[in-house]
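Here is the structure we will look at, set down as structure tokens.
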Amino acid sequence: MKGLFPLEKFRTVKTPFYYYDTALLRKTLEAIKAELKKNDNYHLHYAVKANANPKVLRLISAAGFGADCVSGGEIKAALEAGFPASKIVFAGVGKSDWEINLALDADIFCFNVESIPELEIIDQLAGEKGKTARVSFRINPDVGAHTHANITTGLAENKFGIAMADMEKVIEIAATLEHVKFTGLHFHIGSQILEMGDFVALCNRVNELQAQLERHHIKVENINVGGGLGIDYQHPNEVPVPNFADYFQTYRKHLNLRPGQQLHFELGRAVVGQCGSLITRVLYVKQATYKQFAIVDAGMTDLIRPALYQAFHYIENLSSEETKETYDVVGPICESSDVFVKAFDLNRCHRGDFLALRSAGAYGEIMASSYNCRELPKGYVTEDFAG
Ligand SMILES: *Cc1c(COP(=O)(O)O)cnc(C)c1O
């Protein structure tokens, strides 16, 4: 089975480009909304770093979600796309002064603070504006995730967050500072997580930390458990919408929230991953001694995940129904790692065929670079090809 693509319209634009299936994105947003509706204290802040295409952002903000930002540029993009400042959270280990000032001026919901020096600077900058910044502390829960080493973030060895042993100390320091208000705890253990057991481990850790704080009569308004839910890269057509029911049920079952406590999520990949495809055309089919290459006009500059994380993207030949043959699909960039997939079966390829690299909606377009002086790929949504 192949996905549904407006192939005739694809001929009118330059390849490579990203194509976002907005019907699928809407369906995904509805599935999340249906889950969140079951608990009025659950909130989603979409992780903007997964995909900041303005049209994609607009659809997500229109669904009523908040935004999780990791830079001043993302805060600007989120505000421009209509996300209310009151639903924006701001994480990152290296927030610059201008970024903190921007967030203070916008009056965002919360800074997710990752160190004591950062807390002191936020206090100072807020003081200069006569404001009080709401802060949560990102705690490194030392919980591993069964995912690629480059995308685990919750181990003690990672650069993210504040060590658990320092949690009470930072809360005490915050209490002595005039221009910050402690409002919660934040966690994020990694990305592309498909084993619910990893999230159970996080819940158990949060329960322990909450019990510890309670013994010292410290109240926490907000718990933010980050994002990380994975998608099925092998089966984009069979599993287009991630299993949000399982994901949220895991938290309902394993996380002990206190009365009135608000629970925040920061999903990125699971929201936008499956709705996007990188569309490319075959330039040449090259026969080598032991294999054949489909050389395409997209490269690692357009989609870096295979080169960066050995990630797999399912590929479809949208132009051919002929018998399948085995190809290495490679790009034109002058790097040996510019390979999308090795020994993959595709309907027989010809020069000019359109290939779709599926599940490319997250960490695709946003990570594109102009290495080799290439133009950045454009992003189109279904509506761009209507009529
Ligand atoms: C990247 C990131 C997310 C989103 O991760 P996904 O795996 O895309 O859901 C959420 N929170 C923080 C702090 C992040 O850095």
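The values are calculated or read from the model by the stated rules, or taken from the named source; none is laboratory data. Fair warning: this is a prediction, and the values are worked out from it, not measured in the lab. When we count neighbours, we look across all protein chains shown, and the Cβ atoms used for this are built from the backbone with ideal geometry, even at glycine. Accessible surface areas use protein heavy atoms only, side chains included; no ligands, DNA or RNA. Shrake-Rupley method; radii C 1.70, N 1.55, O 1.52, S 1.80 Å.
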So which pairs qualify, if the first residue must be in the stretch 47-71 and over 13 Å from A362 (Cβ atoms), the second must be modelled with pLDDT of 95 or more and among the aromatic types (F, W, Y), the Cβ gap must be under 6 Å, and the two must be at least 6 apart or on different chains? S61/F83; F65/Y46; A67/Y46; A67/F83; C69/F90
Can you report the number of residues in the stretch 263-313 which are modelled with pLDDT under 95 and closer than 30 Å to N41 by Cα? 0
Selection from the stretch 32-54 of residues that are more than 23 Å from G260 (Cα to Cα), part of a helix (DSSP H, G or I) and open to solvent by less than 30 Å² (accessible area, probe 1.4 Å): V48, A50
Checking the conditions here, which among F340, F312, F293 is in contact with a Lys or Arg (Cβ under 6 Å, 6 or more places away or on another chain) and of a type in the set (F, W, Y)? F293
Counted residues in the stretch 13-32 being out of contact with any helix residue (DSSP H, G or I) (no Cβ under 8 Å at 6 or more places or on another chain) and of a type in the set (S, T, Y) come to 1
Could you check, for the stretch 267-274, whether at least one of its residues is part of a strand (DSSP E or B), within 14 Å of the ligand (Cβ to nearest atom), open to solvent by less than 40 Å² (accessible area, probe 1.4 Å) and in contact with a Leu (Cβ under 9 Å, 6 or more places away or on another chain)? no
Which residue, of I218, I173, is more than 16 Å from the ligand (Cβ to nearest atom), assigned to a helix (DSSP H, G or I), touching a residue at least 40 places away in the same chain (Cβ under 8 Å) and open to solvent by 10 Å² or more (accessible area, probe 1.4 Å)? I173
If K286 meets every condition in (1) in contact with a helix residue (DSSP H, G or I) (Cβ under 8 Å, 6 or more places away or on another chain); (2) of a type in the set (K, R); (3) away from the ligand (no atom under 16 Å from the Cβ) apart from one, which number is that one? (1)
Could you tell me which of the residues I122, I151, I88, I108 is modelled with pLDDT under 95 and either under 25 Å from Y46 (Cβ atoms) or of a type in the set (G, A, S) (or both)? I151
Among (1) open to solvent by less than 10 Å² (accessible area, probe 1.4 Å); (2) not in a loop (DSSP other than H, G, I, E, B), where does T250 come up short? (1)
Top-ranked residue in the stretch 55-77 [being open to solvent by 10 Å² or more (accessible area, probe 1.4 Å) and of a type in the set (G, A, S); ranked as nearest to the ligand (Cβ to nearest atom)]: S71
List pairs: first residue in the stretch 8-31 and within 30 Å of H45 (Cβ to Cβ) and at pLDDT 95 or above, second residue of a type in the set (S, T, Y) and open to solvent by less than 10 Å² (accessible area, probe 1.4 Å) anywhere in the structure, Cβ distance under 9 angstrom, at least six positions apart or on different chains. F17/T280; Y18/S277; Y19/S277; Y20/S277; D21/S277
Can you tell me which residue within the stretch 108-143, out of those that are away from the ligand (no atom under 16 Å from the Cβ) and polar (S, T, N, Q), is most open to solvent (accessible area, probe 1.4 Å)? Q124
Screening L194, L255 for residues that are among the aliphatic types (A, V, I, L, M), surrounded by fewer than 24 Cβ atoms within 10 Å (Cβ to Cβ), modelled with pLDDT of 95 or more and touching a Gly at 6+ places or on another chain (Cβ under 6 Å) leaves only L194
Tell me which of these Y233 doesn't satisfy, since it passes every other one: (1) without any contact (Cβ under 8 Å) to a residue 60 or more places away in the chain; (2) of a type in the set (S, T, Y); (3) over 30 Å from E128 (Cβ atoms). (1)
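Condition check ((1) within 21 Å of V225 (Cα to Cα); (2) more than 19 Å from the chain's Cα centre (by Cα)) across all residues:
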site	(1), (2)
I75	yes, no
A78	yes, no
A81	no, no
I88	yes, no
G92	yes, no
D97	no, yes
